[in-house]
Amino acid sequence: MKKKFMIMIMVMSLIGSYVSAHDEGHGPKLSDTGKYGGLVSSVVLKSEAAKGAGATLVYKAELVRSSDGLARIYFYDSTMKPLDLKGFDVKAVASLGAKVKGKWKDVAFNLELKDGKFTGKIPTPEAKPFDIDVTLKKDGKELLSAFDNLD
């Protein structure tokens, strides 16, 4: 009985750590809703990404995906007012990451600034759920936004 109880405790602790392993992504947790029906995530300095929820919020980003695999990413200030994208590089790099056969696999894809948003074609994920991390530059500073547990 004692052995079964110990095994149950170990299993429950592993499940708990798995469920919260990537909780809150790379930046403060947000409760905003997207203006275009997408997912809203924090934008932080890439150098602060390891701080997780403790990273300083720089902007907010909204990821909108269409059925043909097109991604559109809109950027907002902290009050969800659309940003003027002056100073942003016209190209950004995104990475689709998923666990495939027990190993993490990343596939990079490009985004371009066009009509006030970044757009690009999302590669077909090999597994679900998957994450999309977006890295871009504004005035020479590297920024990161992470959209996790997508399907």
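Just so it is clear, none of the values below were taken in a lab; they were calculated from the coordinates. Since the structure is predicted, the reported quantities are computational estimates derived from the model, not experimental observations. Because the Cβ atoms are built from the backbone with ideal geometry, glycine has one as well, and the counts that use them run over all protein chains shown.
Observations, loosely collected:
- Among the listed pairs 81/141; 60/86; 99/138; 117/137; 29/86; 60/141, those beyond 24 Å (Cα-Cα): 99/138; 29/86
- Volume per residue of the C-alpha convex hull in the range 39-151, rounded to whole Å³: 103
- Computed label-point distance, nm, for sites residue 81 and residue 33 using a 7 Å Cα→Cβ extension: 2.2
- When each of the peptides 110-123, 78-91 is scored by the mean number of other C-beta atoms lying within 10 Å of its residues, the order from highest to lowest reads 110-123, 78-91.
- Shown in residue order for the range 37-54 are the 3J(HN,Hα) couplings computed by the Karplus curve 6.51 cos²θ - 1.76 cosθ + 1.60 at θ = phi - 60°: x, x, 8, 9, 9, 6, 10, 10, 5, 4, 5, 9, 4, 5, 6, x, 5, x Hz (x for Gly and Pro).
- Against the rule of thumb 2.2 N^0.38 Å, how large the Cα Rg of the range 102-151 comes out: 1.29
- Highest average first, the peptides 52-59, 36-43 ordered by how many other beta carbon atoms sit within 10 Å of their residues are 36-43, 52-59.
- About its Cα centre, the dipole of the range 39-151 is roughly 140 debye, where the only charges are +1 on Lys and Arg Cβ and -1 on Asp and Glu Cβ.
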